[in-house]
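Take a look at the structure set out below.
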């Protein structure tokens, strides 16, 4: 006589109840994670982008004033207003010409700038436009500012075409400031620097 075979039923696994200590640890971790999320939200609020617009007062080749907001154009570095460069064996006021270049690019149009970082003078590090034109990029393309953490390809094109200051020789604006004013060397403030600053700001707990 044959017997029918059926698989043996396994008893469902029932997890043992968690101990009081384990529950306390889980609750503690939940509180810590919640606290970190609150702190992260507070830090992110500090890196909120500030936008400003209006009629620009051009201070030099890479800084303007909009109303009461002083703005240092991010990612570029133009010759200082009193800086001179050399072309065809003669010194010329490249700082003045850099400012004139920015005036021409703005052409009396309203300027809009956005940014969240500030330099050591309290100026907003901004990306600025006028009439739909990226002023930061255009100054480098015209050869009246060097790349300063951004716009390296635009600088290479200007250098190859001997545009602006690339038609002769010049001291890097950062080096000129250091030798003439003894100022602390300014840190580059391009895209990668902005990302690094954002990460540091988020995780700076005190």
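The values are calculated or read from the model by the stated rules, or taken from the named source; none is laboratory data. This structure is a prediction, so every number in the text was calculated from the model and none was measured. All Cβ positions, glycine included, derive from the backbone under ideal geometry; neighbour counts span all protein chains shown.
When segment 147-165 is filtered for residues that are under 26 Å from residue 89 (Cβ atoms) and surrounded by 19 or more Cβ atoms within 10 Å (Cβ to Cβ), the ones remaining, listed by number, are 155, 158, 164, 165. Kindly provide the set of residues from segment 121-133 that are under 14 Å from the mean Cα position of the chain (by Cα) and part of a loop (DSSP other than H, G, I, E, B), ordered by number. Within segment 121-133, just 123 meets the criteria.
Taking residues in segment 145-163 that are farther than 14 Å from residue 61 by Cβ, and partners anywhere that are modelled with pLDDT under 95 and in a helix (DSSP H, G or I), the pairs with Cβ atoms closer than 8 Å and at least 6 places apart or on different chains are 149/191; 149/192; 149/193; 150/191.
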